[in-house]
Amino acid sequence: MKKLSIRESLALLLLLLIMIGVSIIKFKLDPQTPLLLAITLLIVWGRFRRHSWEEIHNGIQKGVKTGIIPMIIFILIGALISVWIASGIIPSMMVVGFKLLNPSFFIPSVFLICAVVGTSIGSALTTVSTIGLAFLGMGTAMGFEPGLIAGAIVSGSVFGDKMSPLSDSTNLAAAIAEVDLFKHIKNLMWTTIPSLILSTLLFLFFGMNNELATTNQVVGLTKVIESNFQVNWLAAIPIIFIFISSWKRIPAIPTLLINIGLSIGLLKVNSPSVKLTEISSYIQEGYVSTTGNEIIDALLSRGGVQSMMWSISLIILALALGGLLMEFKIIDTVMSPISDASLSIGNLILVTALSAIGVNALVGEQYLAIVLPGNAFKKTYKQSGLSPLALSRVLEDAGAVINSLIPWGVSGVFISTALGVPTLTYLPFAFFCLLSPILTVISGYANIGIKKLEPSTL
């Protein structure tokens, strides 16, 4: 078999990206179709290069295997959303929010509250699908654009995920770079705090809406919720349980399973006459609101296992494509000469960030966007006299943060499904996610907060 050249690898990657991007952005196709075409093209190319069917199957299996646990979590969150609505948990959060949040500061408040909750529980996806969904309902009722609300939710949730010691991606970035977790989080502040401040100011500016719903309209919607759902303090129990589970480091799957059980118990307490078949229908098909109010019914008809199947089919295809790219050594071929090159500090950080973003776009998986560039550039950072903390920060800023902005990425797919807002609709307003990689590159060229190796470790 002829050795794979970097020119051939780059040409193939560029072709795949253009084909997927144009199909989704210009022709508005569902991502599954261009991903299927990309997989087909890659398999044809692989066979032309004399890769066996066994290698092709292995690549697909290895790629999809990385997403098995996230897909199970997606299914459980789909069930959780529906029982949280049926049992009155999300409606209760909406009512409390209507009464406490000032519409003039609603959007920056959403960003900052999601940031605090995300940091507390260490999971952007859980934050989005619980408190984020409630905020989306409130903001839509107040007259804000769904894309702006979702951008604030995603930005805050991703901030929390990035800065939490409980976050999988934060722990992974520290582990790959071989640095202490809390030193890694402290070093992240050089780019994260400016991103937080700039994002807050942008959300404050864009959140100034002169066409908001009147107080009477919001009060009317509150009454609709209170008359059709059980709104009471018991709704706090499953929410508190999530925080306790995070504090105790209980894994996501048992946390979600127990929380679903608690929510079903709450539903039976609030509505003793509810039948087992109805509960099963909520879990499988989702909750359908029948208040008669179009706004509330649109906002609270969500969830269910089936609501996640579209997302899961997309994730399987994206991960299969990523698995083939790795099995055929296409990504390794492109990254190897770059990681071996002699670069200035600014250029090295730029290339690392672009590599992490590129892996996100090609593979759609944030963990691989941390692992692949991290392993590829670890030696180069040491040779350049940079501390591993410099590498771990770039991996977090450009690897973990960007996945929520990729329409076929694991996080992007989940968020768009959970909130019902397309990725490309909230992307322009996900200011924190957009600013993080930009500021990490600027810090590299400006030499701001870039940790160097101690002389004894050179």
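The values are calculated or read from the model by the stated rules, or taken from the named source; none is laboratory data. Computed from a prediction, not measured in an experiment: that's the story for all the values here. In this analysis, Cβ positions are derived from the backbone assuming ideal geometry, glycine residues included, and neighbour counts consider all displayed protein chains. Surface accessibility is based on the protein's heavy atoms, side chains included, excluding ligands, DNA and RNA. Shrake-Rupley method; radii C 1.70, N 1.55, O 1.52, S 1.80 Å.
Residues being free of Cβ contacts under 8 Å to residues at least 40 places away in the same chain, under 25 Å from residue 230 (Cα atoms) and in a helix (DSSP H, G or I): count how many of those fall in the stretch 68-109.
Our first condition is that a residue be free of Cβ contacts under 8 Å to residues at least 40 places away in the same chain; within the stretch 68-109, this holds for 68, 96, 100-102, 109.
Subsequent filtering for residues that are under 25 Å from residue 230 (Cα atoms) retains 96, 100-102.
With the extra rule that they be in a helix (DSSP H, G or I), the set shrinks to 96, 100.
So the count comes out to 2.
Matching residues to (1) modelled with pLDDT of 95 or more; (2) open to solvent by 40 Å² or more (accessible area, probe 1.4 Å):
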{"residue": "93", "(1), (2)": "no, no"}
{"residue": "99", "(1), (2)": "no, yes"}
{"residue": "120", "(1), (2)": "no, yes"}
{"residue": "123", "(1), (2)": "no, no"}
{"residue": "142", "(1), (2)": "no, no"}
{"residue": "148", "(1), (2)": "yes, no"}
{"residue": "153", "(1), (2)": "yes, no"}
{"residue": "158", "(1), (2)": "yes, no"}
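For the stretch 41-60, the criterion of a residue being out of contact with any helix residue (DSSP H, G or I) (no Cβ under 6 Å at 6 or more places or on another chain), surrounded by 16 or more Cβ atoms within 10 Å (Cβ to Cβ) and not in a helix (DSSP H, G or I) is satisfied by at least one position. Just so you know, in the stretch 258-306 the residues that are basic (Lys, Arg) and more than 29 Å from the chain's Cα centre (by Cα) include one that is least open to solvent (accessible area, probe 1.4 Å), and it is 268. Would you confirm whether any residue within the stretch 210-224 is open to solvent by 80 Å² or more (accessible area, probe 1.4 Å), in contact (Cβ under 8 Å) with a residue 24 or more places away in the chain and closer than 29 Å to residue 412 by Cα? There is no residue in the stretch 210-224 that is open to solvent by 80 Å² or more (accessible area, probe 1.4 Å), in contact (Cβ under 8 Å) with a residue 24 or more places away in the chain and closer than 29 Å to residue 412 by Cα. Would you check which residues across the stretch 169-187 are at negative phi and in contact (Cβ under 8 Å) with a residue 60 or more places away in the chain and list them? Listed by number, the residues that qualify are 169, 170, 172, 173, 174, 176, 177, 179, 183, 184, 187.
Do you know which residues across the stretch 336-346 are over 8 Å from residue 444 (Cβ atoms) and part of a helix (DSSP H, G or I)? Please lay out each step first, then the result.
Of the residues in the stretch 336-346, the ones over 8 Å from residue 444 (Cβ atoms) are 336-344.
Within the stretch 336-346, 336, 337, 338, 339, 340 meet the criteria.
Among the criteria (1) outside any helix (DSSP H, G or I); (2) surrounded by fewer than 19 Cβ atoms within 10 Å (Cβ to Cβ); (3) more than 21 Å from the chain's Cα centre (by Cα), the one residue 237 does not fulfil is (1). Kindly indicate whether any position in the stretch 261-268 is of a type in the set (A, V, I, L, M) and assigned to a loop (DSSP other than H, G, I, E, B). Within the stretch 261-268 (the criterion being of a type in the set (A, V, I, L, M) and assigned to a loop (DSSP other than H, G, I, E, B)), the answer is no, since none of the residues qualifies.
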